[in-house]
Amino acid sequence: MGRADSEEGQLPAPVKPPDGGWGWIVLLGCFVITGFSYAFPKAVSVYFKELMKDFHVGYSDTAWISSIMLAMLYGTGPVCSIMVNQFGCRPVMLIGGLLASAGMILASFTTNIIELYLTAGVLTGLGMALNFQPSLIMLGTYFDKRRPLANGLAAAGSPVFLSCLSPLGQVLLEKFGWRGGFLIMGGLLLNCCTCGAVMRPLDMGMKRKTEKAQDKYEAKEMLPIGGKSDEGISTTDKNKKGKKAKKKPKKGKKLLDFSIFSNRGFIIYTISKFILVLGLFVPPILLVNYAKDTGVPDTEAAFLLSIIGFIDIFARPACGMVAGLKWVRPHVAYLFSFSMLFNGLTDICSARASNYTGLVIFCVFFGISYGMVGALQFEVLMAIVGSQKFSSAIGLVLLIEAVAVLIGPPSAGRLVDALKNYEVIFYLAGSEVVLSALFLAMATYCCLKRGKKKEPPPEKNPSAGGGSDTEEAESDVQEAEEHSSDNHQPAHSTDNAMVAASEEANHVAEDQSGEGGGCPKGDGEVLARDGSNADQMVERDSF
């Protein structure tokens, strides 16, 4: 009975991302969240002139609203990681959507610029941060094979929303003023709550399916036992509860996993990303003023940013598709290095552009390279740390990026004021991006080369190193499955022996031999090897 029925009612395989299904709804939510997070701070700049008139402040004072939003988006990364690890993605996103909406609604009733900093800057920025990071975590949970494409499509939300929110903000400003515009924008941000509501935890549904399959399997196997079936089921339930009670404290211990700093790949990525952010955002910030200084009219100068955004919309999904190819995905870190090198060389080559045609060519190539960087940055991080530690990794990376954001663009602005020369700034920014690309490529090559030499030892001892709670649960289920398949047959034969009195002595002898040593030595060795192979498969999948 054991093997035939076990194949029909066996427990499902370890949980794997569906790469589709409800994942496409999650991707749509991530697309919207990414669009609001990156485009909203820039779209708010449409209202700056009216704010300057009403509050009698300068442009630099109103620009602090966008700066505070971005600082909250990047700087609160560890806080978001702690909240996600403690409460999960969906509750955090729902709270974030409410905070973002409340910030803009309260901002419509402010009477001075300081109140705007606290409402539109701090409160809305914190709300968007609590939406942005969990959405990326959920995207990595639902997608594995198609994850590069999913990341590329989600990243395309930034240029799409920027091209929509800026004209919409101008229309709202003309019809309702800046207060009415802020109020309506606050209502639009409530869509973040809708996006948070669709972020259904993948493990919850899979756990329910696993428990149902396990109950059916145990009922099938224990049905001939009769009165002892209830005892067996209750025993398994007690074992489940005992395991859950043991596992729960582990989840609460690490709200922010700093062990990722022991990962050489994460350290390399963090350093290269810090250098990259120092120069990545400088060219688009200074591009319009640079074009005006070369004699380009204001309307045509502003159109240059639209060119970058339009190219960026198509570059990100296309780069995600390329990164998902079988022969490209194992080397996605090098593709990311190439995209950064491409972007840096574009900055350097455009430093001497002296006419509008040259600037348009620069915008085309910059849009392609910028879109490639945006599509690959989080995919590379997911590939390095894995989905289990991604929530902690992205929080720490965003915090480090916040420091670079506060250093890079302001330093570039001061150099422009001091030197009155944009060429030097473009050379400097391009050099920083090229340096980050070369560092990532060379350090990754050395890291991988050293990692290959150290691959055999971990395979000999798969239990070494800290595994996640999910991996431990999966291995426990596999061990329980193997143990139950080995032990159900002796129990069944013992009950049959009570009916057939002539064979009772033989079955009792078999039971006693099972208690003394279990199955024969050769069979025990085979099972041990199978169990170790199962554990190794779980660890390889998680790596």
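Annotations
- Once the stretch 231-273 is narrowed to residues that are within 30 Å of L438 (Cα to Cα) and open to solvent by 70 Å² or more (accessible area, probe 1.4 Å), the residue that is modelled with the lowest pLDDT is F258.
- Helices (runs of 4 or more DSSP H) fully within the stretch 131-204 counting 3 or more residues that are surrounded by 18 or more Cβ atoms within 10 Å (Cβ to Cβ) and touching a strand residue (DSSP E or B) at 6+ places or on another chain (Cβ under 9 Å): none
- Hits in the stretch 149-166 - residues which are within 15 Å of I137 (Cα to Cα) and in contact with a Lys or Arg (Cβ under 7 Å, 6 or more places away or on another chain): G152, A155
- Long-range neighbours under 8 Å by Cβ, at least six apart or interchain, first residue part of a helix (DSSP H, G or I) within the stretch 37-53, second among the hydroxyl-bearing types (S, T, Y) and surrounded by fewer than 17 Cβ atoms within 10 Å (Cβ to Cβ): F48/Y59; M52/Y59
- Conditions (1) at pLDDT 85 or above; (2) over 31 Å from the mean Cα position of the chain (by Cα): number failed by Q86: (2)
- The C-beta contact set for the stretch 327-348 (first residue over 15 Å from A441 (Cβ atoms) and in contact (Cβ under 8 Å) with a residue 12 or more places away in the chain, second residue open to solvent by less than 50 Å² (accessible area, probe 1.4 Å) and among the hydroxyl-bearing types (S, T, Y), distance under 6 angstrom, 6+ apart or interchain) comprises T346/S369.
- Selection count, the stretch 368-397, where residues are open to solvent by less than 10 Å² (accessible area, probe 1.4 Å) and in contact with a Cys (Cβ under 7 Å, 6 or more places away or on another chain): 4
- Cβ-Cβ under 6 Å pairs, at least 6 apart or on other chains, the stretch 99-120 side closer than 13 Å to M185 by Cα, far side assigned to a loop (DSSP other than H, G, I, E, B) and open to solvent by 20 Å² or more (accessible area, probe 1.4 Å): S101/L190
Residue by residue, here is whether (1) surrounded by 19 or more Cβ atoms within 10 Å (Cβ to Cβ); (2) over 16 Å from the mean Cα position of the chain (by Cα); (3) at positive phi holds:
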| position | (1), (2), (3) |
| --- | --- |
| L27 | yes, no, no |
| A43 | yes, yes, no |
| F48 | no, yes, no |
| L51 | yes, yes, no |
| W64 | no, yes, no |
| I68 | yes, yes, no |
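- Boolean, G20 is of a type in the set (G, A, S) and not in a helix (DSSP H, G or I): yes
- Under the condition of being of a type in the set (V, I, T) and assigned to a helix (DSSP H, G or I), the residues counted in the stretch 54-63 number 1.
- Which numbered condition C363 misses (of (1) under 12 Å from the mean Cα position of the chain (by Cα); (2) farther than 15 Å from Y74 by Cα; (3) assigned to a helix (DSSP H, G or I)): (1)
- Odd one out for I307, checked against (1) within 23 Å of the chain's Cα centre (by Cα); (2) closer than 27 Å to A150 by Cβ: (1)
- Restricting L335, L287, L276 to residues that are modelled with pLDDT under 90 and crowded, with 18+ Cβ neighbours inside 10 Å narrows the list to L287.
The values are calculated or read from the model by the stated rules, or taken from the named source; none is laboratory data. Just so it is clear, the structure is predicted and the values come from calculations on it, not from any experiment. Please note: Cβ atoms are built from the backbone with ideal geometry, for glycine as well, and neighbour counts cover all protein chains shown. What goes into the accessible areas is simple: the full protein's heavy atoms, side chains included, and nothing from ligands, DNA or RNA. Shrake-Rupley method; radii C 1.70, N 1.55, O 1.52, S 1.80 Å.
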